[in-house]
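Peer 1: Quick one: the structure is below, questions incoming.
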Amino acid sequence: MIILKSRREIDIMREANQIVAETHAYLSENIKPGISTAEIDQLADEFIRNKGAVPSFKGYQGFPASVCISINEEVVHGIPAEHRYLEDGDVVSIDIGTFYEGFNGDAARTHAVGSISDNASKLLKVTEESLLKGIEKAVIGNRLFDISHAVQEYVEKNGFSVVRDYVGHGIGRDMHEDPQIPNFGPAGKGPKLKEGMTLAIEPMVNIGSYEVETLEDEWTVVTKDRSLSAHFEHTIAVTKDGVEILSKL
Ligand code: MG
């Protein structure tokens, strides 16, 4: 069941998501070769708590850290670690969730560490742009898969692939609500978009094949062919004035 939110609930979700956006901005100043992913996790945890929110990934289904940090061929759900250091040329995806006054915020972005290859740089650009293409379709009267289709079309036109096994989701009092939002599929299908829907749209894009697998830590998802992967996510609200990106600073 898709839960529609009131104006007032969306106002609170905007606050939860602004904390996510501010955390991303803060971390981006600290992303450089030599920092460990555990240090990044610690910075995020302190920042979020100082804002009066809780990092919602911590303990979620047993996840052991406050944010997910996934490097290079890691797609999502990477676990921060003390001796895992960022290196020049890496791409690092950081996914952040907050819980604030009863509601969730959720957004992800992939950063370049130092100077990265042209192809890696294209991957980041195309992934972020595909997210924006999807978001543009999140208007009243469209159907859910119009979002999915727009993402897939843009990614594939640029020679990359979208991950099938992980999808975006509705968001609100629960981090994961209905509907699931694939990043692929036929336009014109799925539920009609209505005022008050709040959605986390999150393309995961690979340079090689879309196939993924999970490492032995039972969390870290990697590309099967070990090609680079990127992840951008925003939480948005469908309103009668158009789409609002709640997690944009
Ligand atoms: Mg999400």
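The values are calculated or read from the model by the stated rules, or taken from the named source; none is laboratory data. Note that this is a predicted model, so its numbers are computed, not measured. Because the Cβ atoms are built from the backbone with ideal geometry, glycine has one as well, and the counts that use them run over all protein chains shown.
Peer 1: Take Ala38 and tell me if it is part of a helix (DSSP H, G or I), more than 30 Å from Ser209 (Cβ to Cβ) and under 16 Å from the mean Cα position of the chain (by Cα). Steps first, please.
Peer 2: Working: part of a helix (DSSP H, G or I): yes; more than 30 Å from Ser209 (Cβ to Cβ): yes; under 16 Å from the mean Cα position of the chain (by Cα): no.
The answer is no for Ala38.
Peer 1: Anything in the stretch 56-66 that is within 12 Å of the ligand (Cβ to nearest atom) and either buried (at least 24 other Cβ atoms within 10 Å of the Cβ) or more than 12 Å from Trp219 (Cα to Cα) (or both)? List them, or say none.
Peer 2: Going through the stretch 56-66, the residues within 12 Å of the ligand (Cβ to nearest atom) turn out to be 56-57, 60.
Hits for the stretch 56-66 are Ser56, Phe57.
Peer 1: Inside the stretch 193-209, can you point out the residues that are closer than 12 Å to Tyr166 by Cβ, of a type in the set (A, V, I, L, M) and in a loop (DSSP other than H, G, I, E, B)?
Peer 2: Matches in the stretch 193-209: none.
Peer 1: For the stretch 57-73, check the following and say yes or no: at least one residue is outside any strand (DSSP E or B), at pLDDT 95 or above and under 22 Å from Val126 (Cβ atoms).
Peer 2: Yes; the residues of the stretch 57-73 include at least one that is outside any strand (DSSP E or B), at pLDDT 95 or above and under 22 Å from Val126 (Cβ atoms).
Peer 1: Given the criteria touching a residue at least 40 places away in the same chain (Cβ under 8 Å), crowded, with 19+ Cβ neighbours inside 10 Å and farther than 15 Å from Val151 by Cβ, does Thr239 qualify? Step through it out loud before you land on a result.
Peer 2: Details: touching a residue at least 40 places away in the same chain (Cβ under 8 Å): yes; crowded, with 19+ Cβ neighbours inside 10 Å: no; farther than 15 Å from Val151 by Cβ: yes.
No.
Peer 1: Being small (Gly, Ala, Ser) and either within 14 Å of the ligand (Cβ to nearest atom) or in a loop (DSSP other than H, G, I, E, B) (or both) is the filter here; which residues of the stretch 155-192 pass it?
Peer 2: Across the stretch 155-192, the qualifying residues are Gly159, Gly168, Gly170, Gly172, Gly185, Ala187, Gly188, Gly190.
Peer 1: For the stretch 126-140, does any single residue satisfy the condition of being part of a loop (DSSP other than H, G, I, E, B), crowded, with 21+ Cβ neighbours inside 10 Å and either touching a residue at least 40 places away in the same chain (Cβ under 8 Å) or charged (D, E, K, R) (or both)?
Peer 2: Looking for residues that are part of a loop (DSSP other than H, G, I, E, B), crowded, with 21+ Cβ neighbours inside 10 Å and either touching a residue at least 40 places away in the same chain (Cβ under 8 Å) or charged (D, E, K, R) (or both), one finds at least one in the stretch 126-140, hence yes.
Peer 1: Quickly run through the stretch 77-91 and pick out the residues that are assigned to a strand (DSSP E or B) and buried (at least 24 other Cβ atoms within 10 Å of the Cβ).
Peer 2: Across the stretch 77-91, the qualifying residue is only Val91.
Peer 1: Name every residue in the stretch 141-180 that is buried (at least 17 other Cβ atoms within 10 Å of the Cβ), free of Cβ contacts under 8 Å to residues at least 40 places away in the same chain and of a type outside the set (A, V, I, L, M), in order of residue number.
Peer 2: Within the stretch 141-180, His149, Gln152, Tyr154, His169 qualify.
Peer 1: Can you tell me which residue within the stretch 216-242, out of those that are more than 16 Å from Glu128 (Cβ to Cβ) and outside any loop (DSSP other than H, G, I, E, B), is farthest from the ligand (Cβ to nearest atom)?
Peer 2: It comes out as Gly242.
Peer 1: Looking at (1) within 24 Å of Leu27 (Cβ to Cβ); (2) within 16 Å of the ligand (Cβ to nearest atom), find the lone condition where Asn206 falls short.
Peer 2: If we test Asn206 against (1) within 24 Å of Leu27 (Cβ to Cβ); (2) within 16 Å of the ligand (Cβ to nearest atom), just (2) comes out false.
Peer 1: Looking only at the stretch 106-123, count every residue that is among the hydrophobic types (A, V, I, L, M, F, W, C) and within 19 Å of Ala200 (Cβ to Cβ) and tell me the total.
Peer 2: So the count comes out to 2.
Peer 1: Inspect all residues belonging to the stretch 8-27 and state whether any of them is surrounded by 20 or more Cβ atoms within 10 Å (Cβ to Cβ), assigned to a loop (DSSP other than H, G, I, E, B) and more than 14 Å from the chain's Cα centre (by Cα).
Peer 2: Checking the stretch 8-27: not a single residue is surrounded by 20 or more Cβ atoms within 10 Å (Cβ to Cβ), assigned to a loop (DSSP other than H, G, I, E, B) and more than 14 Å from the chain's Cα centre (by Cα).
Peer 1: Check off (1) charged (D, E, K, R); (2) crowded, with 21+ Cβ neighbours inside 10 Å; (3) under 19 Å from Ala120 (Cβ atoms) for Asp225 and give me the number that stays unchecked.
Peer 2: Among (1) charged (D, E, K, R); (2) crowded, with 21+ Cβ neighbours inside 10 Å; (3) under 19 Å from Ala120 (Cβ atoms), Asp225 violates only (2).
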